[in-house]
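Structure first, commentary second.
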Amino acid sequence: MLDLSPADLEAIALSLKVGAWSVVCSLPFAFGLAYVLARVEFAFKPVVSAAILLPLVLPPVVTGFFLLLAFGKNGPIGEILDQWFGITVAFKWTGAVIAAAIMGLPLMVMGMRISIESVDRRLEMAARTLGAGPWRTFFTVTLPLSLPGILAGSILSFARSFGEFGATITFVSNIPGETRTLPIAIYALLQTPSGDSAALKLSLVAIAIALIAIVIAEVLNRRLPKTHERDDA
Amino acid sequence: MLEIDIVTLRGEFVVEARFTADRGITALFGPSGSGKTTILSAIAGVVRPRQGQIKLDGRVLYDSAANIDIAPEHRRIGTVFQDRRLFPHLSVEGNLLFGYNQLAPNLRTQKPTDVIAMLELLPFLDRKPMSLSGGEQQRVAIGRALLMSPQLLLMDEPLASLDARRKAEILPYLERLRDQVSLPILYVSHDEREVARLAKRTIAVADGRVAEGRA
């Protein structure tokens, strides 16, 4: 239909892979952070909350630059990964996953936090009086009630990761087949004199995937259970 | 039998309660804000008293001196809340069996078929609680608390959020509950007629203090 070249397909596939892995890797952290932010009061909470949201407002190139400093061969984390595990992430697709995960984290945490906050704690109390311990209450009441928001946050974060550009190109550059994701491929096409029509095709793909993700997230958010009960008038 | 002798704080407000409750309905009767719900919350284990002791059938649930405070899920006390608190993501059946399912089979004293029949809930089993009327929801809430086979049933103004017609609808179910289920029931209400109709014994609560009397 769109007549995509093998290089285009490669970029799309890479973006999907990076998006999926970044969601999988950030999900446990995002949920933990969202749960703590929703339920626990502690000192400097606004600061922690702001730090998580920072990638949302920071110039992505700054995030990418700091990732390069931290995860580069001589960076504090990059050195440990290299010497202890023999893993390098700089200029690898795994690095793109790290960049995408960090850029997608704010959206994921925000969505999850709101959905956890929307769970009526009186229902959890009711579960406790019915014999459910804290863990059972979590798995039978809290988690199912916040699940639509958790999924919505994950999908939005996937869409964000799928289209991540600035931090990715700064951190892992533009290597065909390794780090050239869909947005980077579009950028590369725009640098060549005859690349406009190919760039347009890839842009349409990006729009389609982003739209689908947002629609799914919207539908899920509507499904957040209303804990207010019916009026008896 | 429930034996309670506690002092609880609700903000600055001191609530003192010392009484016992045996089989049948014992009403905690008093105006709004007199501390009735605070007493129930302390018995359920949801609110921690400041000091004192709570015993149920000889088992210590709370004892400030001995530093005992049994978690709500281990107290075997069923609670029917004024605002019902049914689980919106579960069907009526799922709600009814929530406590029942996690109870060891040898501790199950109430049978789902009996409770469903007594409260006439059979037509609603597959429905979501939100699609029921307030009175029907309250019947589900009563069934859910009963099916955890409690040793004590706490009812916190179960009729207060219903209009007169729905109240009249649900009162016969409460009478059946009282007559068919051999349990101590602590029934909180500010409605004199309701208390007179249901309770064998009334305990007046005023300004955070409890005084025993007869209905």
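The values are calculated or read from the model by the stated rules, or taken from the named source; none is laboratory data. What you are looking at is a predicted structure, and each value in this text was computed from that prediction instead of being measured. Ideal geometry is used to build each Cβ from the backbone, glycine not excepted, and the neighbour counts take in all protein chains shown. SASA here: full protein model, heavy atoms, side chains in, ligands and nucleic acids out. Shrake-Rupley method; radii C 1.70, N 1.55, O 1.52, S 1.80 Å.
Mind checking which residues of the range A:15-64 are hydroxyl-bearing (Ser, Thr, Tyr), in contact with a Pro (Cβ under 9 Å, 6 or more places away or on another chain) and within 19 Å of A:Ala210 (Cα to Cα)?
Taking the range A:15-64 and keeping what is hydroxyl-bearing (Ser, Thr, Tyr), we get A:15, A:22, A:26, A:35, A:49, A:63.
Filter once more, so that each one left must be in contact with a Pro (Cβ under 9 Å, 6 or more places away or on another chain): A:15, A:63.
Listed by number, the list holds a single entry, A:Ser15.
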Inset, instruction - Please give the number of the condition B:Ser133 fails out of (1) at the interface with chain A (Cβ under 8 Å from one of its Cβ atoms); (2) modelled with pLDDT under 95; (3) touching a helix residue (DSSP H, G or I) at 6+ places or on another chain (Cβ under 6 Å). - result: (3)
Inset, instruction - Name the residue, out of A:Ser173, A:Ser146, that is modelled with pLDDT under 95, on the phi > 0 side of the Ramachandran plot and buried (at least 16 other Cβ atoms within 10 Å of the Cβ). - result: A:Ser173
Legend entry - Residues satisfying the stated conditions in the range B:30-81, i.e. within 14 Å of chain A (Cβ to nearest Cβ), aliphatic (A, V, I, L, M) and outside any helix (DSSP H, G or I): B:Val46, B:Val47, B:Leu56, B:Leu61, B:Ile70, B:Ala71, B:Ile77, B:Val80
Inset, instruction - Name every residue in the range B:77-96 that is farther than 22 Å from B:Gly45 by Cβ and open to solvent by 40 Å² or more (accessible area, probe 1.4 Å), in order of residue number. - result: B:His89, B:Leu90, B:Glu93
Inset, instruction - Under 6 Å between Cβ atoms, at least 6 apart or on separate chains: pull out the pairs that start in the range A:186-206 with a residue that is in contact (Cβ under 8 Å) with a residue 60 or more places away in the chain and end on any residue that is in a loop (DSSP other than H, G, I, E, B). - result: A:Lys201/A:Leu2
Legend entry - Any chance B:Met130 is hydrophobic (A, V, I, L, M, F, W, C) and over 19 Å from A:Gly133 (Cα atoms): yes
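When the residues of the range B:100-129 are narrowed to those that are aliphatic (A, V, I, L, M) and surrounded by 15 or more Cβ atoms within 10 Å (Cβ to Cβ), which ends up nearest to the other protein chains (Cβ to nearest Cβ)?
First, the residues of the range B:100-129 that are aliphatic (A, V, I, L, M): B:103-104, B:107, B:115-119, B:121-122, B:125.
Keeping just the survivors that are surrounded by 15 or more Cβ atoms within 10 Å (Cβ to Cβ) gives B:103, B:115-116, B:118-119, B:121, B:125.
Numbers: B:Leu103: 6, B:Val115: 14, B:Ile116: 17, B:Met118: 19, B:Leu119: 16, B:Leu121: 17, B:Leu125: 18 Å.
Per the stated criteria, the residue is B:Leu103.
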Inset, instruction - Would you please list the contacts, defined by Cβ atoms under 7 Å and residues six or more apart or on different chains, that run from a residue in the range B:156-175 that is at pLDDT 85 or above to a residue that is open to solvent by 40 Å² or more (accessible area, probe 1.4 Å)? - result: B:Asp156/B:Thr37; B:Asp156/B:Gln82; B:Glu157/B:Gln82; B:Pro158/B:Gln82; B:Leu159/B:Lys167; B:Ala160/B:Gln82; B:Leu171/B:Arg197
Inset, instruction - Would you mind stating whether B:Pro184 is surrounded by fewer than 24 Cβ atoms within 10 Å (Cβ to Cβ), within 16 Å of B:Ala21 (Cα to Cα) and more than 11 Å from chain A (Cβ to nearest Cβ)? - result: yes
Inset, instruction - Considering only the range A:125-233, give the helices (runs of 4 or more DSSP H) lying wholly within it that have at least 1 residues that are of a type in the set (A, V, I, L, M). - result: A:143-162, A:166-172, A:182-190, A:196-222
Legend entry - Scope the range A:102-129; condition within 8 Å of chain B (Cβ to nearest Cβ) and open to solvent by less than 10 Å² (accessible area, probe 1.4 Å); matching residues: A:Leu123, A:Ala126, A:Ala127, A:Thr129
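Whether any residue in the range A:33-40 is loosely packed, with under 12 Cβ neighbours inside 10 Å and either in contact with a helix residue (DSSP H, G or I) (Cβ under 8 Å, 6 or more places away or on another chain) or in a loop (DSSP other than H, G, I, E, B) (or both) is what I want to check. Show your work before the answer.
Of the range A:33-40, the ones loosely packed, with under 12 Cβ neighbours inside 10 Å are A:40.
Narrowing the set further to residues that are either in contact with a helix residue (DSSP H, G or I) (Cβ under 8 Å, 6 or more places away or on another chain) or in a loop (DSSP other than H, G, I, E, B) (or both) leaves A:40.
The answer is yes; a qualifying residue exists.
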